Amino acid sequence: MKKLPLEEKVAPIRERRTGAIRAYMGTARQLLADIKSGKLKACDRAFTNTWTCSSSIMAGPIRMATVSDGVVIMHSPMGCISNLSQFLAPGLQPHEETKQDQGGYTPNQPATYYCSNLTEEEVIFGAEKKLRETIIVADKRHHPKSIWIFTSCVSGIMGDDIEGVVKETQAEVGATIVPIRCEAFQSRICQWGHDSAGHAILKYLVKKPEKKRNDMINMMASTAVWAEDRIHLAELLGKVGIQCNTVPDYAVTESFRILSEAACSVALCPTWSDYLGKGLEQEYGIPYVRDILPLGTARTEQWLRKIAVHCGKEEEMEQLIKEERAAVMPRIEALRKQWQGMKVFVSCGITRSLHLPHMLVNDFGMELVGINPFEFDEEAIVDLENLLKLTGGKDFLVHVSDCQTLEMANYIKKLDVDLFLGHRGSVGFIFKHGVPGLRVGVAYGSRHGLRRDMDSGRQMGFSGVLSYARYLDNVIKNPSFSEKLSAHTRLPFKESWYEQDPTVNMVDPL
Amino acid sequence: MAREIGVYGKGGIGKSTIVSNTSAAIAEKGAKVMQIGCDPKADSTNSLLDGRYIPTILDTVLEADTVREFRSVDVSKVIFEGYRGIICAECGGPDPGIGCAGRGIITAIELMKEQGAFEKVNPDYVLYDVLGDVVCGGFAMPLRQGIAKQVYIVVSANFASLYAANNLCKAIVRFGERGGGKLAGLIANHISTPEEKEIVNEFAAMTKTEVIEYIPYSRELARSDLQGQTVIQSAPDSEIADVFRRLAAKIAEREQQIIPAPVQAPELRKWGQSCLERLQASGIKE
């Protein structure tokens, strides 16, 4: 493993650190061969349907605004923070249940965020003073435990000395200031923002361990892994006396400080936790579990066993696995009979596109025809190899794209898909093509596109398999939603597009 | 219609001295001249104002309390009358090491235009004295369409200044294609020996440019700078004053548009070496 340069101000961009790509079209085998031989071609786009900002979205003003005793400051013109108000406009109450999860948030507590709102004058003359004032005001008003500063392209071009301001101001405020340097224009991989956040957390928040705790693990889960899953896993581990220190969403500042004391770190979203997990391993020797996610019964078992080894709870865990399995396996067997051979396509971030198929294939007997991860990198090679083992070596389509609906529309009908599971950014267009499916993933305030009940999206752990199955069952039995939608929708693509090569816009790295 | 002239060149080469003295020489002939310093250090017009430092455009806008007021600065506060009625203005900018000076130049010049400063002054000549090299887009502002139509580059026989001039030519070619400023010629400064003259001439020949005037080292010039005046004012009968009068006359009439042929850095280095060899062979004495 390459050493993470924590002495630097900025995390290295993902392209450089993990060889990340944002475009690819081919089969799993081809991708593995290409990436291993270093002969990746056409892994960027000359034309793109979608894009997001490394700093204002991915690095996490959205994420860190959920830290209940923290305040977010975006050091930028007003526009950079607009995403945040959009995401958090409904407030945080939909996630009030996370109160149990973290002990932090109270229902209806608003997210607290500031924008330094850079003006033309400040861009010319520098805005270090304004940033300093914003920090002091935020500290005085809210008495937070942490203040998260996010930089922007503008502050980067101006060259404001953010770390200098932090150093100068830290003594005057009660909160720990965490500057996250992420000038979005630096990288073509927006997930680089996750690394920027991890870099700053490691540098500014994580404290030296006072003690090593065998009864606590770090559960690293971005919002895409929603509260019900996190709560369920925490309860499950709680049964054998293991506590979960969950970061980043809805955590409290102390959760970040004590990351160094855990028995191990587990990634529920390996894309988010890649940098932080490895950093904790590098700096404090905390084992980082990233290859196995608790999706599907077999993987949940492996996941629990791995944690048990790190916590010294093997016996208790075997008992727990036995009990949990007994409760769910008979019902899963029944489902497998119904769904055997159903052709499924998964389009989502790394977590679900590379790990959810374990449930779909292993537990439900479905056939994986393709995946659409948002990005792919050297870290994910092992995940893809595991998927090939899962399908018994049967190859499948890999389309690396961050919800590029234009490209997906092109091939989805030709693929003969029975069930499409996708992110909210892509499912709409797929449904409009008459392909039945479900939205995977949840966003703040909008819980789920189709159902709003609490249990609908849960997937992880043993009971998560059943919960998700119930949800899938609805759409498999009644695909009329996509049928009706496609019958009454005029699609924006010309017929000629469907005959073209979907990779026309893919180019060698820019 | 004012003749708008941009003067570029490596930092410390004497641009402000040349521009101020040229402005003074043009004004002496009775024309209305405006000189705008495009450098945060704001000392371009100093010797036209008897050594006085004037408030800059950006200093003045700093007084604005609101964004609305920021763009509605009163231009009369930022333009000052200097020697022979030359209208002086300085863009100004942030303190060293902070903020974005390039953006400052963009804003200052846009402001002058928006606020009708040029209509109000109605000059025959506008001379922009621009910071060192074109370090970023902001300092290229006077090169862009509709601002400085003619560009002069100040060079000396110093290789680093020729290197900078070569780079400037690259920027001029780029902006010239879009209808921006065109190169009118090179002004050679500190040329006191035949060898120095030969070096800049060779450079001009290689880059297909042209040296329009050679300015020798001059004690009067150095003294007038110390005094905070131009030689036109402090030593009007000196030889050097006549050099500037000659330069002013050429600039006033010059219509040529040069498309320079800048070279890549290694090629320039190679030229430097061969230039030295030729000089040694030709036996030009200092």
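The values are calculated or read from the model by the stated rules, or taken from the named source; none is laboratory data. Because the structure is a prediction, the values reported are computed rather than measured. Using ideal geometry, Cβ is built from the backbone for each residue, glycine included, and neighbour counts are taken over all protein chains shown. Side chains are part of the model used for accessible areas, which takes the heavy atoms of the whole protein and leaves out ligands, DNA and RNA. Shrake-Rupley method; radii C 1.70, N 1.55, O 1.52, S 1.80 Å.
Miscellaneous remarks
- When restricted to Cα atoms, segment B:105-246 yields an Rg and a Dmax of 16.7, 48 Å, respectively.
- Entries of A:LYS239/A:LYS389; A:LYS167/B:LYS41; A:LYS343/A:LYS477; A:LYS2/A:LYS39; A:LYS9/A:LYS145 with Cα pairs more than 24 Å apart: A:LYS239/A:LYS389; A:LYS167/B:LYS41
- Only DSSP H runs of four or more residues enter the estimate; each adds -39500 (n - 2.57), and after division by the residues of chain B the mean residue ellipticity at 222 nm equals -12500 deg cm²/dmol.
- Evaluated on segment B:3-282, the Kirkwood hydrodynamic radius is 19.0 Å, with distances taken between all distinct Cα atoms.
- Dipole magnitude of the protein assembly as shown about its Cα centre (Cβ charges: Lys, Arg +1; Asp, Glu -1), debye to nearest 20: 1660 debye
- Cross-link partners of A:LYS322 among aspartates and glutamates, defined as those whose alpha carbon lies under 12 angstrom from its own and excluding same-chain residues fewer than eight positions apart: A:GLU301.
- For the peptide B:99-108, the mean number of other protein chain Cβ atoms found within 10 angstrom of a residue's Cβ is 5.
- Compared with the dominant principal axis of the Cα atoms in chain B, helix B:15-28 is inclined by about 70°.
- Relative contact order of chain B, pairs being alpha-carbon contacts under 8 Å that are 6 or more residues apart, as %: 24 percent
- Violating pairs (Cα-Cα greater than 30 angstrom) within the set A:LYS394/A:LYS414; A:LYS203/B:LYS10; A:LYS41/A:LYS413: A:LYS203/B:LYS10
- Model label points for A:ASN386 and A:GLU316, set 7 angstrom from Cα along the Cα-to-Cβ axis, are 2.5 nm apart.
- A:HIS423 contributes an accessible area of around 50 Å² to the protein surface, as traced by a 1.4 Å probe with all chains present.
- A Gaussian network model of chain B, with springs between Cα atoms under 10 Å, assigns the largest mean-square fluctuation among B:LEU131, B:LEU62, B:LEU168 to B:LEU62.
- 5 angstrom amide H check on A:PHE376, placed H, neighbours 5+ away: A:ILE21
- When A and B come together, around 1100 square angstrom of accessible surface is lost from both chains combined, probe 1.4 Å.
- Potential extension, A:GLU281-A:ASP508 segment - 0.36 nm per residue separation minus Cα distance: 78.3 nm
- Residue-level accessible surface for A:LEU397, protein heavy atoms, 1.4 Å, Å²: 40 Å²
- Only one residue of A:THR246, A:LEU40, A:VAL67 has its Cα farthest out toward the positive end of the dipole of chain A, where Lys and Arg carry +1 and Asp and Glu -1 on Cβ, and that residue is A:LEU40.
- Partner aspartates and glutamates for A:LYS211 [C-alpha distance under 14 Å; skip if fewer than 8 residues away on the same chain]: A:GLU261
- In range of the label at B:GLN257: residues from segment B:1-38 whose backbone nitrogen is under 18 Å from the point 7 Å along Cα→Cβ: B:1-7
- Taking the DSSP bridge list for the protein assembly as shown and keeping only pairs wholly inside it, about 15 percent are antiparallel.
- Amide H to amide H distances under 5 Å link A:CYS115 with A:MET74, where only residues 5 or more positions off or on other chains count and H is placed in the peptide plane.
- Gaussian network model of chain B, Cα within-10 Å springs - most flexible of B:GLY180, B:GLY137, B:GLY92: B:GLY137
- Diffusion coefficient, µm² s⁻¹, Stokes-Einstein with Kirkwood Rh over alpha-carbon pairs of segment A:249-403 at 25 °C and 0.890 mPa s: 145 µm²/s
- Working note: Karplus 6.51/-1.76/1.60 with θ = phi - 60° gives segment B:69-79 the couplings 5, 3, 8, 10, 5, 7, 5, 4, 6, 10, 10 Hz, where Gly and Pro are set to x.
- Solvent-free Debye scattering, log10 I(q)/I(0), computed from the Cα coordinates of segment A:328-507 at q = 0.09 Å⁻¹: -0.31
- Dipole magnitude (debye, nearest 20) for segment B:3-282, charges at Cβ of Lys, Arg, Asp, Glu: 660 debye
- Counts of other chain beta carbons within 10 angstrom of each beta carbon in peptide A:113-121 average 3.
- When the protein assembly as shown is described by a simple charge dipole with +1 on each Lys and Arg Cβ and -1 on each Asp and Glu Cβ, the residue from B:GLN233, A:LEU438, B:LEU49 located farthest towards its positive end is A:LEU438.
- Estimated 222 nm signal from helices in chain A, with DSSP H stretches of n ≥ 4 weighted -39500 (n - 2.57), rounded to 500: -12000 deg cm²/dmol
- Accessible area per residue was computed with a 1.4 Å probe on protein heavy atoms; A:LYS203 scores about 70 Å².
- Volume per residue of the C-alpha convex hull in segment A:177-333, rounded to whole Å³: 115 Å³
- Residues A:GLU172, A:GLU301 ordered from highest to lowest accessible area at a 1.4 Å probe: A:GLU172, A:GLU301.
- Part-to-part distance (alpha-carbon centres) for segment B:1-47 and segment B:228-272, which is given in Å: 12 Å
- Highest-fluctuation residue, B:SER23, B:SER238, B:SER224 considered, GNM on chain B with Cα pairs under 10 Å: B:SER238
- Positive-end residue of B:GLN264, A:THR271, A:LEU259, charge dipole of the protein assembly as shown with Cβ unit charges: A:THR271
- Counting only Cβ charges, +1 for Lys and Arg and -1 for Asp and Glu, the dipole size of segment B:172-286 around its Cα centre is about 380 debye.
- Taking all pairs of distinct alpha-carbon atoms in segment A:326-413, Kirkwood radius in angstrom: 13.7 Å
- Contact order normalised by residue count of chain A, Cα under 8 Å, 6+ apart, percent: 18 percent
- Across the protein assembly as shown, the volume of the C-alpha convex hull divided among the residues equals 199 Å³ per residue.
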